[in-house]
Amino acid sequence: MSLPKIKHVRAFVVRGGGADYHDQGAGHWIDDHIATPMSRYPEYRQSRQSFGINVLGTLVVEIEAEDGTIGFAVTTGGEPAAFIVEKHLARFLEGRSPTEYEKIWDQMYFSTQYYGRKGIVVNAISGVDLALWDLLGKLRQEPVYHLLGGAVRDELQFYATGARPDIAKELGFIGGKMPLHHGPAEGVEGMKKNIAMIADMRAKCGDDFWLMLDCWMALDVDYATRLAIAAHEHGLKWIEEAISPDDYWGYAELKRNVPKGMLVTTGEHEATRWGFRMLLEMDCCDIIQPDVGWCGGVTELLKISALADAHGKMVVPHGSSVYSYHFVITRHNSPFAEFLMMHPGPTEVVPMFHPQLIGEPVPQNGRLKASALDAPGFGVELNRDIPMHRPYTH
Ligand SMILES: C[C@H](O)[C@H](O)CC(=O)C(=O)O
Ligand SMILES: [Mg+2]
């Protein structure tokens, strides 16, 4: 069956929430004294927005086929990524069939390799790749998870990321991942506060609920090791992204250092099969956490996950809503998913990519039936009532 060819690729920038989930208003848990690599500077400790975490904004990529069908995706990267999509990547799609996603990915990656490989360029490539899969699903009238091989289980189960694992437990999630608040520069007092928070949540959640800690690249191996040993007493399930994503040697050391039974996880700021190959071959972690909108899109995630499977490792993608769900439901080595709590409290389940997506499914009692994904493409529509800016054209 021949599908209509790709007519046009467009890139827009949107401000406020959505894929750039750190772009939230004041008083949100996600911007409340979270430990980061910038916490060594007291002036950048209280708010991640103070050092520019939300400076880029959301990127929306639209791919229109000759019959007028539009596939779209949202990710981060804002205006610089919009430039790359319009001025560089679009040429590898227009006039082509949407079935050629392998060749298109290859050409996007290798044509930008001299200035790309990771970061914004791979965000842009991911956005285009996801929009292409959405278009393919819409043209074939099938959900993306069917195109990826079909569901291997009937439902997804979720852990929640947010400052209130105790509420996540009441909402039916299988676990709660808390942000770390104090980095090494806050000394012994900071370490005591970190441990006290874990102990407090363990007391509130009881013994059997999974508790995890997200360290957002803030630590060094020594601090992370001491934190892991102290947190083990309170049954911490995993320590996430403890150190710089560039420090593969540090991750390998940390994995050797943590108490038996505690998992080391990382990878949300890693990209492509080559980046994840480093994490896997150097035995840096137990679970890899690619973000589908940052690691190279679904086309690349399939390769990353096959590599992880061969190494006996789990793949639990970072956030990214429907873009993760359509993948997780199709893979045995992806047994559960993350739900990022975007409610400021966070006391309620609200859509992760609000206000950009319409029809975004959210977990009910910590679960989501595969049938909730049964709509063409990624099963969501773009909210065209929000202001979208197209800074570049071609
Ligand atoms: C809570 C973390 O600091 C970050 O905002 C989200 C994240 O890393 C995750 O969901 O994982
Ligand atoms: Mg994380």
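Between Lys5 and Asp374, what length in nm is gained on full extension when 0.36 nm per residue of separation is reduced by their alpha carbon distance? Provide the component values of the computation, followed by the final result.
Working: separation 369, 0.36 × 369 = 132.84 nm, distance 2.46 nm.
Gain on stretching Lys5 to Asp374: 130.4 nm.
Modelling each spin label as a point 7 Å along the Cα-to-Cβ direction, I'd like the Asn257/Gln141 distance in nm, to one decimal.
A separation of 5.8 nm, rounded to one decimal place.
Out of the DSSP beta bridges found with both residues in the chain, what percent are antiparallel (nearest 5)? Numbers along the way, then the final one.
On the way: 22 of 45 bridges.
DSSP beta bridges in the chain are roughly 50 percent antiparallel.
Suppose only helical runs count, i.e. DSSP H with n ≥ 4. What mean residue ellipticity at 222 nm does that imply for the chain under -39500 (n - 2.57) per run, divided by all residues and rounded to the nearest 500 deg cm²/dmol? Provide the component values of the computation, followed by the final result.
Details: 11 runs with 126 residues, N = 394.
The helix-only estimate for the chain comes to -10000 deg cm²/dmol at 222 nm.
Within the range 216-270, report the trypsin sites (Lys or Arg not before Pro) that DSSP leaves as loop and that have at most 13 other Cβ atoms within 10 Å. Don't skip to the end; give the middle numbers.
Numbers: sites: Arg226, Lys237, Lys255, Arg256, Lys260; in loops: Lys260.
Listed in order of number, the matching sites are Lys260.
Quick one: grab the alpha carbon gyration tensor of the chain, order the square roots of its eigenvalues as a ≥ b ≥ c, and give me rounded if a/c is under 1.5, else prolate or oblate depending on whether a/b is larger than b/c. Don't jump to the answer; show the numbers that get you there.
Values: a/c = 1.65, a/b = 1.58, b/c = 1.04.
Note, shape of the chain comes out prolate.
Compute the signed sum of charges (Lys and Arg +1, Asp and Glu -1) over the other residues within less than 11 Å, Cβ to Cβ, of Glu253. Display every interim value, and only then the final one.
Working: positive: Lys255, Arg256; negative: Asp220, Asp222, Asp247, Asp283.
Taking every other residue near Glu253 into account, the sum is -2.
Compute the Cα gyration tensor for the range 147-375, then decide on rounded, prolate or oblate, letting a ≥ b ≥ c be the square roots of its eigenvalues: rounded whenever a/c is under 1.5, prolate when a/b is larger than b/c in the other cases, and oblate in all that remain.
Working: a/c = 1.86, a/b = 1.21, b/c = 1.54.
The shape class here is oblate.
Rounding to the nearest 10 and keeping the result within 0 to 90°, find how far the Cα-based axis of helix 78-87 lies from the longest principal axis of the chain.
Value to nearest ten degrees: 30.
When a/c is below 1.5 the answer is rounded, else prolate if a/b is larger than b/c, else oblate, so apply that to the range 239-293 with a ≥ b ≥ c taken from the square roots of the Cα gyration tensor eigenvalues.
Values: a/c = 1.92, a/b = 1.57, b/c = 1.22.
In terms of gyration-tensor shape, prolate.
Do any GluC sites (Glu not before Pro) in the range 300-394 lie in a DSSP loop with no more than 15 other beta carbon atoms within 10 Å, and if so, which?
Values: sites: Glu300, Glu338, Glu348, Glu381; in loops: Glu348.
Counting only loop positions with at most 15 other Cβ atoms within 10 Å, the GluC sites (Glu not before Pro) in the range 300-394 are Glu348.
With θ set to phi - 60°, apply the Karplus curve 6.51 cos²θ - 1.76 cosθ + 1.60 along the range 359-375 and write out the HN-Hα couplings as whole Hz, x wherever there is a Gly or Pro.
Each residue of the range 359-375 in turn: x, 5, x, 10, x, 10, 6, x, 9, 8, 5, 4, 5, 5, 9, 7, 9 Hz.
Once each part is reduced to its C-alpha centroid, what is the distance from the range 162-191 to the range 308-327 in angstrom?
Here the two parts' Cα centres lie 22 Å apart.
Report the gain in length on full extension from Arg226 to Ser47: 0.36 nm times residue separation, minus Cα-Cα distance, nm rounded to one decimal. Write down the numbers at each step before the final one.
On the way: separation 179, 0.36 × 179 = 64.44 nm, distance 2.52 nm.
Extra length from Arg226 to Ser47 when fully extended: 61.9 nm.
So how far apart, in nm, are the two label points at Asp283 and Asp309 if each is 7 Å from Cα heading toward Cβ?
Roughly 2.4 nm, to one decimal.
Taken together, the values in this text are just the output of simple stated rules run on the coordinates, not laboratory data. The structure displayed is predicted, hence computed values, not measured ones. Cβ atoms come from the backbone with ideal geometry, glycine included; neighbour counts cover every protein chain shown.
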